[in-house]
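K.L.:
Here you go, one structure.
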């Protein structure tokens, strides 16, 4: 791996500009960056939801090659303190990039190798999913609801709208 340091002294504005320009010269390639620490830390929902989204996108956009959806993959970028430390969301979507790079799978998503394209959607699953019964008129269904970390169920959009109408009346 290449040596990388941000701790160079800056004596002037020219020195600062040179450092910014120089910074891009020393960014490691995706082959030089770690792509796995082999530490399983995700729960079932954190695996299921992004993989379901990936499956759906692969089905819906089967003919498109201008998108990439990563699951539990490091995103290396230069906007943080150190570009050698990735952000690793449960899932992310980037548009306008090749689906496969050179016919290969990506080890990591390295923004400076993607012409600066950052993900347009990032997913971090911090909620739980649970089943419950839902009744609408005479129809009863088993549905999935989202829950927060304390086990409190989030309202559905329909329930939020009903609550709004109770408080404020019809939408303007």
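K.L.:
Could you tell me whether residue 85 is exposed (fewer than 14 other Cβ atoms within 10 Å of the Cβ) and in a loop (DSSP other than H, G, I, E, B)?
P.N.:
Answer is yes for this residue.
K.L.:
Hey, among the residues in region 97-136 that are out of contact with any strand residue (DSSP E or B) (no Cβ under 9 Å at 6 or more places or on another chain) and surrounded by fewer than 14 Cβ atoms within 10 Å (Cβ to Cβ), which one's modelled with the lowest pLDDT?
P.N.:
Applying the filter and picking the extreme gives 126.
K.L.:
Pull out all pairs, ordered by first then second residue, where Cβ-Cβ is under 7 Å, the residues are six or more apart or on different chains, the first lies in region 157-171 and is on the phi < 0 side of the Ramachandran plot and in a helix (DSSP H, G or I), and the second is at pLDDT below 90 and surrounded by 11 or more Cβ atoms within 10 Å (Cβ to Cβ).
P.N.:
From region 157-171, the pairs are 163/155.
K.L.:
Residues being touching a residue at least 40 places away in the same chain (Cβ under 8 Å), surrounded by 19 or more Cβ atoms within 10 Å (Cβ to Cβ) and in contact with a helix residue (DSSP H, G or I) (Cβ under 8 Å, 6 or more places away or on another chain): count how many of those fall in region 55-82.
P.N.:
Residues in region 55-82 being touching a residue at least 40 places away in the same chain (Cβ under 8 Å), surrounded by 19 or more Cβ atoms within 10 Å (Cβ to Cβ) and in contact with a helix residue (DSSP H, G or I) (Cβ under 8 Å, 6 or more places away or on another chain): 2 in total.
The values are calculated or read from the model by the stated rules, or taken from the named source; none is laboratory data. Nothing here was measured: the structure is a model prediction, and the numbers come from that model. For neighbour counting, all protein chains shown are included, and Cβ atoms are generated from backbone atoms with ideal geometry for every residue, glycine included.
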